[in-house]
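Everything on this sheet refers to the single structure shown next.
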Amino acid sequence: MRRGTILEGRPLGTALLYVMIGILPLYLTSAQVLSLDADLGFGVAQLGLASALHFGIAALAAHPVGSLIQRRDATFGLRTGAGLAALAGVVAVSATRWWEILAVTALGGLANAFMQVATNVVLAQDAAYHRQGLSFGAKQGAVPLAGAMSGLLLPSVGVALGWRWPFAIAAAAAAASMVVAPRVRNAPTEVAPAARGRLSPALVWMAVGGTFGGAAGNSLSLFVVPTAVQAGLSQAAAGLFLAVSSVLVFTTRLGAGWFADRRRSTGHREMITLLTFGAGACIALATAGTASTFTIAMPLAMMGSWGWPGLIYFTVVRIHPEATARASGIILAGNLTGTLVGPLVVGLLAARSLYSQAWTMVAFLSAAAAAAMAFSLRSHSRSSIAPIPEPARSES
């Protein structure tokens, strides 16, 4: 890599920064929904629509964005994603009608697609090969970190100066990140011309698993607080419980990646183990009859059913090093589709206070994801792909 910006040679720092910038427009909207409602009439109902729009656009864009970055390079993806995030902030600052905030989250969804795919390439090409699992786990942990940043900006800036200022700060940071984006080239394509453009069965099954797993994990995370209150916890205790559970999920993602590094694994078996464990914990959650039982079952369910996302991108790098961007786009499309659809389905049950049935559904989704990952592992094991050697590093 050429020397130049402060992010050159810092792949993990690059991934954390740009993933956070890509998701901030949505999280700032969520954190400031009360102020947006008072000023523009953008309330909770509109927030649900905005969230669906964000993830829906990200899911639709993921595959073509992956192909585009594969043809260009990760630097182009980082700069484009940062530009879109900056534009989202500008739109928010100048908004005078509630529907303009929908444009903010839509632009954020497109930025998120660029950031996720581009940072996968950054870690695939530049992170130390023997700790890529840990790096991908940390990268996926940037999403809850962005939520924490939104929470900090709310009392320190949003309440004191107005809701537009956090968006202005985020836009300025995104614009600055366009300038400091490091130069990262894609890996050279080494497959035969006839094989290019083909999807391996292992990748297809993994995309299916990511769809089911995304539906399970996001459903759990969104309905922790109302379920906790129904189980007997106070609203304040439920919020604290959500924070603790989220920290455990972040720790699980790091630990799973570290374990995959230690075992020199493709990541398949670790995902299967986590998702199977999560399915069992969801069954226990569905039958939990007391607050104490719930406080044990819910964190275990979240750790299992929502602790694998870092591994799935690590696995893409391991089984498709010749087309990391394109393969990542396919996986991201499936994952985000599940993230969007799962809460809608589970939410219909939760809205009727049918939480036992809701968590049974999540258990089924986790089990289906584990089965799809098992089929992916089987397909990969049967292929003629040779073990992936550690890539040579070169200065450029």
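The values are calculated or read from the model by the stated rules, or taken from the named source; none is laboratory data. Model, not experiment: these values are computed from the prediction. Cβ: placed from backbone, ideal geometry, glycine included. Neighbour counts: every protein chain shown. The protein model used for the area step is the full one, side chains on, heavy atoms only, and it has no ligands, DNA or RNA in it. Shrake-Rupley method; radii C 1.70, N 1.55, O 1.52, S 1.80 Å.
Any residue that is modelled with pLDDT of 85 or more, in contact with a Gly (Cβ under 9 Å, 6 or more places away or on another chain) and open to solvent by 20 Å² or more (accessible area, probe 1.4 Å) - is there at least one of those in segment 212-224? Yes - at least one qualifying residue is present in segment 212-224. Residues that are small (G, A, S) and either touching a Gly at 6+ places or on another chain (Cβ under 7 Å) or open to solvent by 20 Å² or more (accessible area, probe 1.4 Å) (or both) within segment 84-105 comprise A85, A88, S94, A103, listed in sequence order. From (1) in a helix (DSSP H, G or I); (2) touching a Phe, Trp or Tyr at 6+ places or on another chain (Cβ under 7 Å), pick out the condition that doesn't hold for F42. Of everything listed in (1) in a helix (DSSP H, G or I); (2) touching a Phe, Trp or Tyr at 6+ places or on another chain (Cβ under 7 Å), F42 misses just condition (1). Applying the condition of being open to solvent by 30 Å² or more (accessible area, probe 1.4 Å) and in a loop (DSSP other than H, G, I, E, B) to segment 161-185 and asking which residue is modelled with the lowest pLDDT yields R185. Residues in segment 339-356 that are in contact with a helix residue (DSSP H, G or I) (Cβ under 8 Å, 6 or more places away or on another chain) and not in a helix (DSSP H, G or I): S353 alone. Each residue in segment 21-46 was checked for being under 26 Å from L332 (Cβ atoms) and open to solvent by 30 Å² or more (accessible area, probe 1.4 Å), and 4 pass. Does A118 satisfy the condition of being open to solvent by less than 10 Å² (accessible area, probe 1.4 Å), hydrophobic (A, V, I, L, M, F, W, C) and in a loop (DSSP other than H, G, I, E, B)? Considered against the rule, which asks whether it is open to solvent by less than 10 Å² (accessible area, probe 1.4 Å), hydrophobic (A, V, I, L, M, F, W, C) and in a loop (DSSP other than H, G, I, E, B), A118 comes out as no.
For segment 261-287, a tally of residues being crowded, with 20+ Cβ neighbours inside 10 Å and either among the basic types (K, R) or more than 19 Å from the chain's Cα centre (by Cα) (or both) returns 6.
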